[in-house]
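Here the structure comes first, spelled out in structure tokens, and everything after it is commentary.
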Amino acid sequence: MTKTLTFKNEELAAVGNLLGNLSLKNKASRGRTKLIKLITVKNEEYTSDRNDVLEPFIKKDKEGNNVEGDTPNMVVLIEEKQDEANAAIKEINEESAVIEFTEYSEKMKALYDAIVDYPTEFSNQDAVAYDLLMDQLELVFENEKEETE
């Protein structure tokens, strides 16, 4: 059976950051490392797609280069197309990123077991990311448990 986790594109970085901050050992740590790698691939796809979607809305200088904003690596959008650009960004942010991890199932189960009762409190963005991650892991491993009973 194929095992997957599904997040919105905009959630990938928060879940990856949370995982990177957890203190884990052995197989759970290896599961975390595998999951971070899979999330990184999906996040890179998302970033590339987001850049492609934004391209028609970016203001250009006389040479045809992107006009950069005040913040490094940020671009200026064409004012008249701001609403259209925001709608396109919102759409791609909310698209599903499906992470298939069947071959790492044993390591992911160890990760799930290690963090289901994680001893540290989470707050703010980490609490939201933990909830998202646990919802997805529970869908896989709780359903698996029900199927074997």
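Structure notes:
- Every residue from the range 101-139 that is surrounded by fewer than 14 Cβ atoms within 10 Å (Cβ to Cβ) and of a type in the set (A, V, I, L, M, F, W, C): Val116, Ala127
- The C-beta contact set for the range 116-135 (first residue within 15 Å of Leu19 (Cβ to Cβ) and free of Cβ contacts under 8 Å to residues at least 60 places away in the same chain, second residue surrounded by fewer than 15 Cβ atoms within 10 Å (Cβ to Cβ) and among the β-branched types (Val, Ile, Thr), distance under 8 angstrom, 6+ apart or interchain) comprises Met134/Val116.
- Against the test of being closer than 22 Å to Lys27 by Cα and not hydrophobic (A, V, I, L, M, F, W, C), the options Glu79, Glu106, Glu95, Glu68 yield a single qualifying residue, Glu106.
- Restricting the range 1-41 to residues that are under 30 Å from Ile89 (Cβ atoms) and without any contact (Cβ under 8 Å) to a residue 40 or more places away in the chain, the residue that is surrounded by the most Cβ atoms within 10 Å (Cβ to Cβ): Gly16
- Test: residue in the range 60-72 that is of a type in the set (Lys, Arg) and within 11 Å of the chain's Cα centre (by Cα): no
- All positions within the range 42-59 that are surrounded by 13 or more Cβ atoms within 10 Å (Cβ to Cβ) and over 14 Å from Glu95 (Cβ atoms): Leu54, Phe57, Ile58, Lys59
- Lone qualifier among Tyr130, Tyr112 - being within 14 Å of Leu12 (Cα to Cα) and not hydrophobic (A, V, I, L, M, F, W, C): Tyr130
Here, each number is a calculation from the coordinates, and none is a lab measurement. In this text, all values refer to a predicted model and were calculated from it rather than measured experimentally. All Cβ positions, even for glycine, are placed from backbone atoms using ideal geometry, and neighbour counts span all protein chains on display.
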